[in-house]
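First up is the structure itself, then whatever we jot down about it.
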Amino acid sequence: MQEPNTAARPFSTLRLFFTGIVMGIADLIPGVSGGTMAFIMGIYEHLLSAIKSFNLQVLRLVVQGRWRAALSSIPWSFLIPLGAGIGAAILGMARLMRYLLEYHTVYLFAFFFGLIIASIIAVGATVRWTRGALAALAGGTIAAYFIVGLVPLKMPHDPITLFFSGALAIMAMILPGISGSFILLILGQYAYVLEAVADLNLIAIIPVALGIVVGLVSFVRLLSWLLRNYHNIAVAVLMGFMVGSLRKIWPWKEVIETTLDRHGKPIPIREQNILPDFAAPEFWVALAIAVVGFFLLSVIDHMQTGANPVMRRLGWERRPRQPQQQDWQVTS
C-alpha cells in the first residue's frame, strides 16, 4: 500500500469541520479517543500524513526565511477546517459534555458504545483475516483492555516525568480506542496538568507541551510506516484497540474507589462493569440510544465507502466510490 496523500480523497471543508467536531467531542469524554473518531470517519491515514508534513524540511525552509515554500508544503486546506472543528467542539461542547457525563453518563456512553461497535464491524470488513491478522487483533484487544483498566499511579511532577507523560498521552490520543486524558490519569498527572493549565504554570506546561510535540512527530511516523508496510496487520491491531476500549465505555459501572479533584470533588478512579437492570426504563432508553449510534455510524460509513456490511445486509446497495484523477485537492 502506498502512503496516502492527504488530499487523495475529496474531503469537503464542511465534512472536515464536522469530523473535527466529532473528534473534539470524543476527546472530552474519558475513555474515548479522538483517534477512534478519525478512524471511524475515514480520515485516519490522511491525518497521519498531514501531521507528518511538519518535518525537518519545513523547519529548514523556515530557518532559511523561505516562508512561502514552508507554508505551501503544509496541507492547510485539510488541517484548518479539521482543527477548527476540534476547537469549536472543545469550546462549545465542553459544558454540555460535562453535564452529560455528570447526569446522563449511561446514555452518553451508550451512544459511543454503539458508534464503536459499528466501527469495529465496518473496519473488520476491510481486513483480510489471516492468522497473523487474528493474532494482531487479539494482541491489540488484550493491550487496550489492560490499559483502560489500570489504576492511577502515584508519580512525581518533575519536568522529566511531565515530558514523558505528555509524549505517552499524545501517542494514546492518536491511537484509536485509547484516551490520552486517561493515560495522564493513569500516570497521576491529569489533575496536576489541568491545574497547571488553569493557573498558566509554564514550568509544568512547557515540558508537557514538548513531550506532546516529540511524541506526536515521532509516533505518527512509526504509525505511517506500519500502515504503509504492514497495513493489514496494523489495521487489525488498531481494530483490537477499539474492541478493548469497550471495557472503558461500557455504560453500566459500579464505583470501587474515588479520589478528589482540584476542587475537592470526588471522582471515580476505579470502577467495575456490571449488568444493567433489564427491567428499568433506563436500560431500554440506553439501548435505543446505542442502536441510534450504531446505525448512524453505519450509514455514514456506507455513504462514503458503499461497502458497509450492515447496510448491504439490509439491502442498501451503493457502488463504492472510485478515486478519480481530479480528486487531488480538498474541495470547498
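The values are calculated or read from the model by the stated rules, or taken from the named source; none is laboratory data. Worth saying up front: this structure is predicted, and the values here are computed from it rather than measured. Using ideal geometry, Cβ is built from the backbone for each residue, glycine included, and neighbour counts are taken over all protein chains shown.
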- prompt: Quick check, is A133 touching a helix residue (DSSP H, G or I) at 6+ places or on another chain (Cβ under 6 Å), at pLDDT below 90 and under 20 Å from S245 (Cα atoms)?
  reply: no
Heads up, the helices (runs of 4 or more DSSP H) in region 211-323 (entirely inside) with at least 1 residues that are modelled with pLDDT under 85, among the aliphatic types (A, V, I, L, M) and surrounded by 14 or more Cβ atoms within 10 Å (Cβ to Cβ) are 281-305
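Just to check your reading of the model, which residue among A69, A26, A110 is over 26 Å from W284 (Cα atoms) and small (G, A, S)?
Working: A26 fails: over 26 Å from W284 (Cα atoms); A110 fails: over 26 Å from W284 (Cα atoms).
When all the criteria are applied, what remains is A69.
What residue, of G87, G42, G83, is exposed (fewer than 14 other Cβ atoms within 10 Å of the Cβ), small (G, A, S) and more than 30 Å from W252 (Cβ to Cβ)?
Working: G42 fails: exposed (fewer than 14 other Cβ atoms within 10 Å of the Cβ); G83 fails: exposed (fewer than 14 other Cβ atoms within 10 Å of the Cβ).
Just one listed residue meets the conditions, G87.
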In the set V193, V220, the lone residue that is touching a residue at least 40 places away in the same chain (Cβ under 8 Å) and of a type in the set (V, I, T) is V220
Just one listed residue, out of A144, A125, A135, is under 21 Å from L48 (Cβ atoms) and of a type outside the set (S, T, Y), and it is A144
Exception for E102 within (1) part of a helix (DSSP H, G or I); (2) touching a residue at least 12 places away in the same chain (Cβ under 8 Å) falls at (2)
message = Looking at the structure I just gave you, is A191 farther than 30 Å from A290 by Cα and part of a helix (DSSP H, G or I)?
response = yes
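So, L56, is that one of a type outside the set (D, E) and surrounded by fewer than 14 Cβ atoms within 10 Å (Cβ to Cβ) or not?
Yes, satisfied.
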Residue pairs within 8 Å by beta carbon, gap of at least six or interchain, first lying in region 152-165 and within 23 Å of V217 (Cα to Cα) and free of Cβ contacts under 8 Å to residues at least 40 places away in the same chain, second polar (S, T, N, Q) and surrounded by 18 or more Cβ atoms within 10 Å (Cβ to Cβ), listed first then second, are T161/Q189
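Here's the yes/no breakdown for (1) at pLDDT below 85; (2) over 20 Å from I174 (Cα atoms):
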position: Q2; (1), (2): yes, yes
position: T6; (1), (2): yes, no
position: M23; (1), (2): no, no
position: P30; (1), (2): yes, no
position: W67; (1), (2): no, yes
position: S72; (1), (2): no, yes
position: I80; (1), (2): no, no
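Here is a yes/no grid of residues against (1) modelled with pLDDT of 95 or more; (2) closer than 28 Å to A307 by Cβ; (3) assigned to a helix (DSSP H, G or I); (4) among the small types (G, A, S):
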residue: I121; (1), (2), (3), (4): no, yes, yes, no
residue: A138; (1), (2), (3), (4): yes, yes, yes, yes
residue: Y145; (1), (2), (3), (4): no, no, yes, no
residue: L150; (1), (2), (3), (4): no, no, no, no
residue: L153; (1), (2), (3), (4): no, no, no, no
residue: L162; (1), (2), (3), (4): no, no, yes, no
residue: L168; (1), (2), (3), (4): no, no, yes, no
Worksheet item: Quick check, is L184 without any contact (Cβ under 8 Å) to a residue 24 or more places away in the chain and on the phi > 0 side of the Ramachandran plot?
Response: no
